[in-house]
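First up is the structure itself, then whatever we jot down about it.
The values are calculated or read from the model by the stated rules, or taken from the named source; none is laboratory data. These numbers were taken from a predicted model, which means no experiment stands behind them. With ideal geometry, Cβ positions are generated from the backbone for all residues, glycine too; neighbour counts draw on all protein chains shown. Protein only, heavy atoms only, side chains kept; ligands, DNA and RNA dropped before computing areas. Shrake-Rupley method; radii C 1.70, N 1.55, O 1.52, S 1.80 Å.
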Amino acid sequence: LLHERHHAPAQLVIHMGDRDVRASVQGATVSLDMGAVHFDLVHMGIDLAKITLEQQDGLFMLEDLRVGFADIGDEPPSVNQLSTFGPMFERHPAFADGMNVHLVHIESRTRIIMKSHERGVGPTQACGSGACAVVALLTRAGLTCEAVDVVVPGGLLNVTAPMGKPVT
């Protein structure tokens, strides 16, 4: 949008809070370097004293759900599930600053369906940083390949999460 409507250069840096996101426009494709994904729960501000997490295959069990702070169900996530789990986990006492919630269905090792509930906003059409975090978690757990198509209500995101390198 910045490039197309406001004549921003094809290579630019977008300042987002305390981080910079590098963007590159090539025809109809926009690539973003969202930075490194962190897996340390304490780094994310999660109060481990208020929840019980059991680690399993790089993911966790929380409230009888298998999570990497995303629900991985047998069917694509529904709007009803998002309206239930989104607010419940966004305001869970363990997350002092709130938490974005992403419900995920793995269609294949290269394609997932994701619905997002962003803290303070509610359901959204897409969440680029959430898609990067989800793909990094799933790749780390061995459930997907490093390059994954993420289907969100707003369209399709192509995410690459090479292990040991920053996610793009």
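How much accessible surface does residue 32 have with a 1.4 Å probe, in Å² rounded to 10?
70 Å²
Around residue 145, with a cut-off of 14 angstrom between Cβ atoms, what is the net charge of the other residues, counting Lys and Arg +1 and Asp and Glu -1? Walk me through the numbers before you get to the answer.
Numbers: positive: 109, 111, 140; negative: 107, 146, 149.
Here the charged neighbours net out to 0.
Using a 1.4 Å probe, how large is the accessible area of residue 121, given in Å² and rounded to the nearest 10?
100 Å²
Which FRET efficiency value, to the nearest 0.05, is calculated for residue 55 and residue 4 with the Förster distance at 45 angstrom and r the Cβ-Cβ distance? Each step should come with its number before you reach the end.
Values: r = 44 Å, r/R0 = 0.98.
So the FRET efficiency works out to roughly 0.55.
Which of the trypsin sites (Lys or Arg not before Pro) across the range 87-153 are loop residues per DSSP, with 15 or fewer other Cβ within 10 Å?
91, 109
Could you state how much accessible area residue 90 has, in square angstrom rounded to the nearest 10, with a 1.4 Å probe and all protein chains kept in place?
Residue 90 exposes around 20 Å² with every protein chain in place.
At R0 = 25 Å, how high is the FRET efficiency between residue 13 and residue 149 if r is their beta carbon distance? Nearest 0.05 is fine.
Numbers: r = 26 Å, r/R0 = 1.05.
That pair, residue 13 with residue 149, gives E of 0.45.
Where q = 0.18, 0.26 Å⁻¹, what log10 of I(q)/I(0) comes from the Debye formula for the range 103-168, counting one point per Cα?
Here log10 of I(q) over I(0) equals -0.57, -1.10.
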